[in-house]
Amino acid sequence: MARRLVTLGATLGATLRSALGTALAPPCCVLCDRPGLPGPIDLCGDCLAELPRAPADAPFDTEIFERVCCPWRFEFPVDALVRALKFHGERAHARLLGTLLARERLRCAAPLPDLVVPVPLHALRLRERGYNQAAELARFAARELSLPLDRSLLARQRATREQSHLHLLERRRNVSGAFVTARVLHGAPRVALVDDVVTTGSTVAAAAAALLAGGAGAVELWVVARASRRGRVRRAEP
Ligand SMILES: [Zn+2]
């Protein structure tokens, strides 16, 4: 796999494909420029097979979740793709990662959930960034599986400090009670909670607790990658 991320041409191509649909431009691998996979997936089969798989056991407490789908480690090139999506406006990567995440969930035989919900950003950060990368991922994952998406169900009721600079206990305190559901859920639906990266799991656990308190029957976690506590998700060039 080429140890570089995305030629300018490939990036522009992916953006163009997102904007215009695939009829005008076939999928192209963002890592090596070879043809992408049907779907469309902007990654070739070889590069997809080489993505760094995460071990099955999660490095955080997953008791609150019915199941966890976290396919990759936050290492190259997954980290570069996520950072490009999160910090550099490469929203085309959301389609790639969201679609792949949905397909990973299909490897598990368990019935799909009833609803897909992204981890929200606080309104201030959303204004700053212009979009919520978790919502972008959730949109494409839900579309791939033909599941309903509710991007406004969960809200952050208060701003939280940047988690990457905090230790585990500080992280838990930082996000405890930070989330609330905008409405009460009826019929105890099973919800898939979507985020880009998980480190200690404090944020997603707090979000899941809010969903359960709001009437969800169960919550499963879909997250692209897990980062080690040493490899915190800092803003960095991809
Ligand atoms: Zn490739």
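For region 54-88, give me each residue that is within 15 Å of the chain's Cα centre (by Cα) and of a type in the set (G, A, S).
Passing the criteria: A54, A80, A84.
Can you go through D46, D33 and tell me which one is within 16 Å of the ligand (Cβ to nearest atom), at pLDDT 90 or above, surrounded by fewer than 18 Cβ atoms within 10 Å (Cβ to Cβ) and part of a loop (DSSP other than H, G, I, E, B)?
The conditions single out D33.
Here's a check for you: in region 1-17, which residue that is polar (S, T, N, Q) and either farther than 14 Å from A94 by Cα or buried (at least 18 other Cβ atoms within 10 Å of the Cβ) (or both) is modelled with the lowest pLDDT?
T7
Of the residues R105, R151, which single one is in contact with a strand residue (DSSP E or B) (Cβ under 6 Å, 6 or more places away or on another chain), assigned to a loop (DSSP other than H, G, I, E, B) and either basic (K, R) or modelled with pLDDT under 95 (or both)?
So the residue among R105, R151 that is in contact with a strand residue (DSSP E or B) (Cβ under 6 Å, 6 or more places away or on another chain), assigned to a loop (DSSP other than H, G, I, E, B) and either basic (K, R) or modelled with pLDDT under 95 (or both) is R151.
The values are calculated or read from the model by the stated rules, or taken from the named source; none is laboratory data. Predicted model only: the values in this text are computed from it and were never measured. As a convention, Cβ positions derive from the backbone with ideal geometry for all residues, glycine included, and neighbour counts pool all protein chains shown.
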